[in-house]
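Engineer: After the C-alpha cells below, expect a handful of questions from me.
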Amino acid sequence: MRSMTNALISIEDVRKSFGAAAALRGVSFEVCESELTVIIGPSGCGKSTLLRCLNGLELFDSGRVRIGEFTLERHNEAPTHELNNRLRRLRESVGMVFQGFNLFPHLTVLENAVLAPVNVKKIPRAEAERNARELLAKVGLSERLDYYPAQLSGGQQQRAAIARALAMSPRVMLYDEPTSALDPGLVDEVLSIMRKLDDEGMTQIVVTHEMRFARDVADKIVVLDDGELIEHDSPDVIFRAPRHNRTRDFLRSFL
C-alpha cells in the first residue's frame, strides 16, 4: 500500500439522475497520485455512470470533480463554450478504456495509436509514431502494428486500446469493465498490463467484477450500491472485514 499524498482526484457529492431514476446519490471520495482504485458493486449500481462523469462523457447534475488542475462543477447549468473547452482539455489528460475496445476498424493498430496525438495534441507524426511503437511494444503488440482490429483477438484489441489511450500521455487512466467482453483465457493478459502500469506509478481507476484482481492489486476499493458509496477502504478491510451488510452480500456471490 502506498503512502498517502495529496489527492490527484477529488470527487465531491456527485449526483446524477436519468429522468426520475437516480444513478448517483452524492458520491464522494479521493484518489491519490499513483494509486490504483477499483470500483465494485452490483450491476446497475452506478459504477459506469460515475466513471463517465469523471471525463465528461456524462455531465453530472450537481457536485464537483477535480482531476489535477481541471475542475468540473455542475448545478444544473446549461453547457457553455467554456465548459466544453474544459471538458476537451480534461479528456486530453484522462485516458478511457471501454469494455467494447472502440478501436477504429479501418485503421491499423499503429494508426489507431497515432491518430489522436497527431490530430488533437498536434504532435509531429514521426514523434507520435515513435511513441506509439514503444507503447505497443509495452503491451506486447510490436508484431501486430500493421494488423487491423478484426485480425486481433479480443485480448489483443483491448491491449491496443490501452496503448491508444496511453499515447495521449494521460495523468489518469479509467477502465470501464475492460475484461468483461473477453474469453476467460484472455483476461489475465489485459490485467497484467494494468499491473505493469501500476508498478510504473500510473494513477488508475478500474470498474470491474474481477475480484481477484481487486483484492491483489488495488490500493483502495470503492463499493457502490444503488448509486451510493457505501464504503471504501483497503482491500484487506473490504474483503476480510467489510463494515456494511450490502458489501458482504455482494462479495458473497463472488468469494
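The values are calculated or read from the model by the stated rules, or taken from the named source; none is laboratory data. Note that the structure is predicted; figures quoted are calculated from it, not measured. When we count neighbours, we look across all protein chains shown, and the Cβ atoms used for this are built from the backbone with ideal geometry, even at glycine. Accessible surface areas use protein heavy atoms only, side chains included; no ligands, DNA or RNA. Shrake-Rupley method; radii C 1.70, N 1.55, O 1.52, S 1.80 Å.
Engineer: Can you pull out every residue in region 119-129 that is open to solvent by 40 Å² or more (accessible area, probe 1.4 Å) and farther than 26 Å from Ser153 by Cβ?
Structural biologist: Within region 119-129, Asn119, Val120, Lys121, Lys122, Pro124, Arg125, Ala126, Glu127 qualify.
Engineer: Right, another one. Anything in region 61-82 that is modelled with pLDDT under 80 and open to solvent by less than 40 Å² (accessible area, probe 1.4 Å)? List them, or say none.
Structural biologist: Once the filter is applied, which keeps residues that are modelled with pLDDT under 80 and open to solvent by less than 40 Å² (accessible area, probe 1.4 Å), region 61-82 yields only Arg74.
Engineer: Just checking, does region 88-103 include any residue being crowded, with 16+ Cβ neighbours inside 10 Å, without any contact (Cβ under 8 Å) to a residue 40 or more places away in the chain, in contact with a strand residue (DSSP E or B) (Cβ under 9 Å, 6 or more places away or on another chain) and assigned to a helix (DSSP H, G or I)?
Structural biologist: There is at least one residue in region 88-103 that is crowded, with 16+ Cβ neighbours inside 10 Å, without any contact (Cβ under 8 Å) to a residue 40 or more places away in the chain, in contact with a strand residue (DSSP E or B) (Cβ under 9 Å, 6 or more places away or on another chain) and assigned to a helix (DSSP H, G or I).
Engineer: May I pose another question? Looking at (1) touching a Cys at 6+ places or on another chain (Cβ under 7 Å); (2) open to solvent by 10 Å² or more (accessible area, probe 1.4 Å), which is the only condition Leu224 fails?
Structural biologist: (2) is the only condition that Leu224 fails.
Engineer: In region 104-118, what count of residues is obtained for those that are within 17 Å of Ser142 (Cα to Cα) and either touching a strand residue (DSSP E or B) at 6+ places or on another chain (Cβ under 6 Å) or not acidic (Asp, Glu) (or both)?
Structural biologist: Of the residues in region 104-118, 7 are within 17 Å of Ser142 (Cα to Cα) and either touching a strand residue (DSSP E or B) at 6+ places or on another chain (Cβ under 6 Å) or not acidic (Asp, Glu) (or both).
Engineer: If you don't mind, there's one more thing I want to ask. Looking only at region 227-245, which residues are open to solvent by 80 Å² or more (accessible area, probe 1.4 Å) and more than 23 Å from Leu191 (Cβ to Cβ)?
Structural biologist: Arg243, Asn245
Engineer: Is it the case that some residue within region 70-81 is part of a helix (DSSP H, G or I) and over 20 Å from the mean Cα position of the chain (by Cα)?
Structural biologist: yes
Engineer: For residues in region 107-118 being β-branched (Val, Ile, Thr) and not in a loop (DSSP other than H, G, I, E, B), which is surrounded by the fewest Cβ atoms within 10 Å (Cβ to Cβ)?
Structural biologist: Taking the candidates together, the pick is Val118.
Residue by residue, here is whether (1) assigned to a loop (DSSP other than H, G, I, E, B); (2) in contact with a helix residue (DSSP H, G or I) (Cβ under 9 Å, 6 or more places away or on another chain); (3) at pLDDT 95 or above holds:
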| position | (1), (2), (3) |
| --- | --- |
| Met1 | yes, yes, no |
| Thr5 | yes, no, no |
| Val14 | no, yes, yes |
| Ser28 | no, no, yes |
| Ser34 | yes, yes, yes |
| Gly44 | yes, no, no |
| Leu59 | yes, yes, no |
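Engineer: Criterion first (more than 12 Å from Val38 (Cβ to Cβ) and modelled with pLDDT of 95 or more) does Leu166 satisfy it?
Structural biologist: Answer is yes for this residue.
Engineer: Just one of the numbered conditions (1) buried (at least 18 other Cβ atoms within 10 Å of the Cβ); (2) of a type in the set (A, V, I, L, M, F, W, C); (3) in contact (Cβ under 8 Å) with a residue 60 or more places away in the chain is not true of Ala181; which one?
Structural biologist: Tallying (1) buried (at least 18 other Cβ atoms within 10 Å of the Cβ); (2) of a type in the set (A, V, I, L, M, F, W, C); (3) in contact (Cβ under 8 Å) with a residue 60 or more places away in the chain, Ala181 fails exactly one: (1).
Engineer: Shifting gears a bit: Can you run down the residue pairs with Cβ atoms below 9 Å, 6 or more apart or on separate chains, where the first is in region 137-150 and open to solvent by less than 60 Å² (accessible area, probe 1.4 Å) and the partner is outside any loop (DSSP other than H, G, I, E, B) and hydroxyl-bearing (Ser, Thr, Tyr)?
Structural biologist: Gly140/Ser192
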